[in-house]
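Everything on this sheet refers to the single structure shown next.
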Amino acid sequence: MTEWAVVTGAAQGIGAVIAEFAVTAGYRVAAWDIDGPAVERTAAEIGDGCVASAVDVADEESVRAAAALLPEPPRLVVNNAGIVRFGPLLDLPLAEWESALRVNLTGTFIVGRTLAGPMGKAGGGAIVNLASVNGLAAAPHAGAYSASKAGIVRLTEHMAMEWAKLGIRVNCVAPGLIHAGMSDAIYADAEVRRVREGAVPLARLGSAEDIAAAVLFLGSEKAGYVTGQTLAVDGGLIKSTLAALPRPQSVDSVGPGGS
Ligand SMILES: NC(=O)c1ccc[n+]([C@@H]2O[C@H](COP(=O)([O-])OP(=O)(O)OC[C@H]3O[C@@H](n4cnc5c(N)ncnc54)[C@H](O)[C@@H]3O)[C@@H](O)[C@H]2O)c1
């Protein structure tokens, strides 16, 4: 029997690739996006196995209506829909702050809890939430986005604890510097791209495919004993904070046995 996956924000960028990977993995995919015509086009390109719905993840009624159209509860839910709002905290309009929190964090909450009940009754499944390395560390002018993504990391842990008894694993993927979707515009500037690539230990930007592969892994039975975790898919970026600091030779030889 074919199982269903719901992928939010599937009209373009990383979400469209996750939807494609999920179809390849054998799921029937419900591709949800606030941009109805765009998600219809993307689902048509992916082909059989992918159906589109216009859904605003930040609107509980919209999510409930789309969930009611599913022929059965999904086995996999990917909370990928997101928006970015950059600006220094002193100047950031309150509306920008609220929309980042509303779509990214509240949207993940609404979709997760709308589907978790029916999933639990049908035997469980997996939820994968998309955070960001911005949710793991502060970055310039990213306060609203970072706060929303840090919230997703912690929300993932709460979902995992509360819904383990329903047979639902909940994990999070934190993409790093990804040349896709909302970041495409950033990498149009060759110098910005060079500097950013240079900051990544694996010396390249990530792709939507890098992220989709991690999402499908966490959603699969291969990760059957993993829940409540956040996996940074970032080429080592977030773990390299101390890597560029100078360490004089003499410090290495301090202490007992040092020469
Ligand atoms: N691209 C990156 O560099 C990067 C890095 C880290 C994390 N991420 C995260 O990955 C996810 C996908 O990012 P992307 O780069 O593909 O972005 P994108 O902007 O290309 O795609 C986001 C999709 O979400 C949809 N969307 C926006 N608001 C919505 C709403 N209220 N309801 C339903 N759909 C809505 C948009 O229409 C769009 O199709 C996001 O959560 C983003 O924060 C991206």
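The values are calculated or read from the model by the stated rules, or taken from the named source; none is laboratory data. This structure is a prediction, so every number in the text was calculated from the model and none was measured. We place every Cβ from the backbone using ideal geometry, glycine too, and count neighbours over all the protein chains shown. The protein model used for the area step is the full one, side chains on, heavy atoms only, and it has no ligands, DNA or RNA in it. Shrake-Rupley method; radii C 1.70, N 1.55, O 1.52, S 1.80 Å.
Just a few scattered comments:
- When residues of region 133-147 are limited to those that are out of contact with any strand residue (DSSP E or B) (no Cβ under 9 Å at 6 or more places or on another chain) and touching a residue at least 60 places away in the same chain (Cβ under 8 Å), the one farthest from THR108 (Cα to Cα): ALA137
- Region 1-58: number of residues that are more than 14 Å from the ligand (Cβ to nearest atom) and of a type in the set (Phe, Trp, Tyr): 2
- Checked against the criterion of being among the β-branched types (Val, Ile, Thr), more than 8 Å from the ligand (Cβ to nearest atom), touching a strand residue (DSSP E or B) at 6+ places or on another chain (Cβ under 9 Å) and assigned to a helix (DSSP H, G or I), region 203-211 has no qualifying residue.
Results for (1) open to solvent by 40 Å² or more (accessible area, probe 1.4 Å); (2) within 18 Å of ASN104 (Cα to Cα), shown as yes or no for each residue.
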| site | (1), (2) |
| --- | --- |
| GLU20 | yes, no |
| ARG28 | yes, no |
| ASP33 | no, yes |
| PRO37 | yes, no |
| ARG41 | yes, no |
| CYS50 | no, no |
| SER53 | no, no |
| GLU60 | yes, yes |
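- Residue match in region 98-115 (condition: in a helix (DSSP H, G or I) and under 22 Å from THR241 (Cβ atoms)): no
- When residues of region 88-118 are limited to those that are farther than 28 Å from PRO73 by Cα and more than 16 Å from the ligand (Cβ to nearest atom), the one surrounded by the fewest Cβ atoms within 10 Å (Cβ to Cβ): LEU90
- Taken over region 228-244, residues that are open to solvent by 80 Å² or more (accessible area, probe 1.4 Å) and in contact with a strand residue (DSSP E or B) (Cβ under 6 Å, 6 or more places away or on another chain) amount to 1.
- Answer residue from region 119-128, given it is surrounded by 15 or more Cβ atoms within 10 Å (Cβ to Cβ) and not small (Gly, Ala, Ser) and is farthest from the chain's Cα centre (by Cα) among those: MET119
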